[in-house]
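The values are calculated or read from the model by the stated rules, or taken from the named source; none is laboratory data. Keep in mind it's a predicted model, so treat the numbers as computed, not measured. Positions of Cβ are generated from backbone atoms using ideal geometry, with glycine treated the same way; all protein chains shown enter the neighbour counts.
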Amino acid sequence: MSGMTAVGVSALTAFVARGEASNRVFQEMMDALPVSIYTTDAEGRLTYFNPAAVKLSGRVPQLGSDHWCVTWKIFLPDGTPLPHDQCPMAIALKGGEVPTGIECIAERPDGSRFWFTPCPAVLRDTEGRIIGGINLLVDITDRKNAEIQAQEQFRAIVETTPECVKVVAPDGTLLFMNSPGLTMIGAASAQEVTGRNVYDLIAPEDRDRFREFNESICLGEKASLEFDIVGLQGTRCHMETHAAPLRHIDGTIVQLAITRNITDRKQAERTALLLGAIVDSSDDAIISKDLTGVITSWNKSAERLFGYTADEAIGRTVANLLIPEDRQDEEPDILARLQRDERVDHFETVRRRKDGTLFDISLTISPVKNAQGTIIGASKIARDISDRKRAEAELLASEARFRQLADSMPQIVWTARPDGYLDYYNERWYEFTGFARGTYGDASWEGILHPDDVLKCRETWYDAVQSGQPYNIQYRFWNRQEGGWRWFMGRALPVRNSEGTIVKWFGCCTDFDDQKRVEDDLRRVNLDLEQFAFSASHDLQEPLRGIKLYSELLTNMYGERLDSQALEFLSYMRGGATRLEMLVRDLLSYTQVTKFEKSVEDSDAAEAVTLALANLAGIVEESGAQITTGPLPTLKVHGTHLQQLFQNLIGNAIKYRSPDRTPVVRVTSERQDGGWIFAVSDNGIGIAPEYRENIFGLFKRLHNSDEYSGTGIGLAICKRIVDRYQGRIWVESEPGRGSTFQFTLPF
Amino acid sequence: MIVEDNPGDVFVIRAALQKASVDAELSFVKDGEQAIKFFDEADADNGAPCPALVLLDINLPRKQGGEVLQYMRGTRRCGQALVIAVSSSDTAMDREKMRGLGANCYFHKPSTYAEFLKLGELVKELLSR
């Protein structure tokens, strides 16, 4: 009777109830029906049952005594026992409303169970009193088993999938959620959440979106959504859901969704983006390739460095694209090393750009492994080192140039590190010393020095190294060719970088032995000369004095007895003696010019002029000379020297005056680069051009003593003084008009 | 006492002293050694005379004037005599040196007669003190 509906069955029982129960035709019909039927009296005692009922129940009931289900154990679908007086037939006989569609489980005497739906109806007499009942039992076991199995399968699927499976009502009520889903939202059991609103579990900022989403699903659409949940514990997770409409039992459409936690996936995506950004923004070219050398990734800097775009490069092999012909064997070698899990570190080589140009490059290549640890390719970082290589080459070239220069110089040339350690000597050194190449540092030079000079040299050198001041020394080297010591001059200067730190010392040793000996001789000779001149002039003065005195006495005491000629002779004698005296004094002065050895303090030129004029007082007055001075400075020249200069020059200016006019002398000074320039100008007789040089020579006179007195040493003394201070002295003159003597002195 | 080796200078000194009317006995010694001998003798013989004033030339043969002065200042009897150092040199160094050795005065020998006569005045003045 599977095709029969409940209504249909009720109609049949109703029909049968209206007919006569004892009608044999009907009884035969009922006996033949494959559906279980039985009838009862008003108390529920069985009055008839058909063979199908026997089959179903598993026993033959006893008419008249057995109640309808008396032998059966009946259970409700949920497994709780159903008392007999509450089963549908009992309720119907008591006059209650006939329940329909109830599903029960019955247990046979042999313990087997079956599902059935009872369809009871009551029999009434003409007065409407209940006189009995009739019940039809529909065996729904198969259907029920299928149902249960389907449910079990569903539950199994739903519970074993790792995704969340849920059913949500249009208003957001959670109708069902599987265990994985419960875990995702932080619920310990289904009770906690079933019946609650899912919107509460969703992150506040996504609630409106989810609500819209839910509503459109429940209107019949299929869709997917990404959203965040906060769950029961407040743990935020990123979710991706795929939902479809589902027709619920009561006819409404609800949302059935499979939702997965994509938090990790999202994190991985973010990390991948970050790494991608890092790779792309790196200044170094970053390239990846597989184990056959095919390029699999190519960052921006790689585009810049090689000239190929990512599209042009990916898919091509490194060997084909980048490596020049003469270096093709590098790639197999690199790949082999990668296979062995070896890194290639800062490998310097040459690669080729898209435009064909070659350039120097430094490569660092590391193997790339998959999750299992198998090497699947390589990552390569490439850096353009052309600039560095060029700088290195230039440095080598410049060092080579330096060596070439150093070896061609006649001096010994050496260099040292900033700490004073000597690290290079040129060829001259090795030629002179005969030392072996390769030794450096202090030990390498001390062996050649005079023992007395070693300590001084070391001290002076390391003083210079520390202070950074230029190094200057004189010392003796052993001359192995001829034996003996030779004087050398050592000099060194520091070389600084752009920050001012010393990076190297450059030094030079020059053989100045010959000069030194000459200098020493000269110094000694000069000293001797000075001493000689001093004592000579001293000794000469004595007899001179005698001559002068006695010729004077002679004139005074015997003058009357002498004739005019004798007197004349005497005057010549006295004149000669006087001249000689002046000469000796001037000579002494001349030799004394270089006498002052100690350092010079400042002296006032104006004061020197005043002193000089005081000494010249006699001839100034006699000649009526007018002497004017401009502003005169103080300078580092001995006062005596200044005085002598002015005294000689002003004296000359007055002495060599023109007979036609009053002598006018002007003394001026002017500041120049490096020193002062003084001028003494006069309006005297002047000097002819051809004599302007040699008037500064010793004893050079342009006039004889009749015309102008003088020793001829005055200007020589001036020149000697000026020379001592590394100055110059010269004259500009116009014969008949006057002369200007000029000289320079240091500040 | 005049310690002077140059006869020319001796003459002029004598003339200068005369001109200035220096009233004293003059004795002349020609070199430093003789001078020292004189002082030694004076020390030995208490009756020997000591000079009131010594005109001492610096530049002497055998023993220099400076040595003589130094020696003299050390002698017992004549050590306190007045001394005028006389020299053709006019350097500050020499003046200092003689002063340091005990000279009372320094006279630079001039080359004119007139100047030389001043020596006489100087002697007279010193003796009168």
Within segment A:692-708, of all residues that are surrounded by 14 or more Cβ atoms within 10 Å (Cβ to Cβ) and touching a Lys or Arg at 6+ places or on another chain (Cβ under 8 Å), the one modelled with the highest pLDDT is A:F696
Condition set surrounded by fewer than 17 Cβ atoms within 10 Å (Cβ to Cβ) and small (G, A, S), scope segment A:533-550, selection nearest to the other protein chains (Cβ to nearest Cβ): answer is A:S535
Selection from segment B:89-114 of residues within 14 Å of chain A (Cβ to nearest Cβ), within 22 Å of B:E125 (Cα to Cα) and either of a type in the set (A, V, I, L, M) or not in a loop (DSSP other than H, G, I, E, B) (or both) yields B:F107, B:H108, B:Y113, B:A114
Output yes when any residue across segment A:618-630 is away from chain B (no Cβ under 14 Å), among the hydrophobic types (A, V, I, L, M, F, W, C) and exposed (fewer than 15 other Cβ atoms within 10 Å of the Cβ), and no when none is.
no
B:V86 fails exactly one of (1) under 13 Å from the mean Cα position of the chain (by Cα); (2) part of a helix (DSSP H, G or I); (3) within 14 Å of chain A (Cβ to nearest Cβ); (4) not polar (S, T, N, Q), namely (2)
Condition check: on the phi > 0 side of the Ramachandran plot and either away from every other protein chain (no Cβ under 14 Å) or assigned to a strand (DSSP E or B) (or both). Does B:R62 satisfy that?
yes
Filtering segment B:68-88 down to residues that are under 28 Å from A:L588 (Cβ atoms) and surrounded by fewer than 17 Cβ atoms within 10 Å (Cβ to Cβ) yields B:Q70
Requiring at least 3 residues that are more than 26 Å from A:T296 (Cα to Cα), the strands (runs of 3 or more DSSP E) wholly within segment A:362-450 are A:412-416, A:422-425
| request: Answer yes or no as to whether A:V518 is assigned to a helix (DSSP H, G or I) and within 30 Å of B:R14 (Cβ to Cβ). | output: no
Counting only residues in segment A:159-177 that are in a loop (DSSP other than H, G, I, E, B) and within 21 Å of A:T252 (Cβ to Cβ), the one nearest to the chain's Cα centre (by Cα) is identified as A:G172
Conditions (1) within 30 Å of A:M582 (Cβ to Cβ); (2) in a helix (DSSP H, G or I); (3) modelled with pLDDT of 85 or more -> B:Q70 fails only (1)
Inset, instruction - Would you check if A:N178 is without any contact (Cβ under 8 Å) to a residue 40 or more places away in the chain and under 18 Å from A:N261 (Cβ atoms)? - result: yes
When restricted to B:L122, B:L126, B:L101, the only residue in contact (Cβ under 8 Å) with a residue 12 or more places away in the chain and more than 13 Å from the chain's Cα centre (by Cα) is B:L101
Given (1) small (G, A, S); (2) under 14 Å from A:V168 (Cβ atoms); (3) touching a Lys or Arg at 6+ places or on another chain (Cβ under 8 Å), A:A223 misses just (3)
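Condition first: within 57 Å of the chain's Cα centre (by Cα) and of a type in the set (K, R). Now tell me which residues in segment A:504-542 satisfy that.
A:K504, A:K516
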Of the conditions (1) modelled with pLDDT under 85; (2) within 10 Å of chain B (Cβ to nearest Cβ), the single one that A:K595 does not satisfy is (2)
Residue hits (segment B:1-23; more than 11 Å from every other protein chain (Cβ to nearest Cβ), touching a residue at least 24 places away in the same chain (Cβ under 8 Å) and not in a helix (DSSP H, G or I)) are B:M1, B:I2, B:V3, B:E4, B:A20, B:S21, B:V22
Subset of segment B:10-24, residues crowded, with 20+ Cβ neighbours inside 10 Å and closer than 14 Å to A:E552 by Cβ, comes to B:V12, B:A16
Within segment A:550-580, the residues that are of a type in the set (D, E) and free of Cβ contacts under 8 Å to residues at least 12 places away in the same chain are A:E560, A:D563, A:E568
In the set A:I278, A:I258, the lone residue that is of a type in the set (A, V, I, L, M) and under 26 Å from A:I202 (Cβ atoms) is A:I258
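To keep it simple, each residue is scored yes or no on (1) without any contact (Cβ under 8 Å) to a residue 12 or more places away in the chain; (2) of a type in the set (D, E); (3) part of a helix (DSSP H, G or I); (4) on the phi > 0 side of the Ramachandran plot.
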position: A:Y475; (1), (2), (3), (4): no, no, no, no
position: A:E482; (1), (2), (3), (4): yes, yes, no, no
position: A:W487; (1), (2), (3), (4): no, no, no, no
position: A:F532; (1), (2), (3), (4): yes, no, yes, no
position: A:E542; (1), (2), (3), (4): yes, yes, yes, no
position: A:G546; (1), (2), (3), (4): yes, no, yes, no
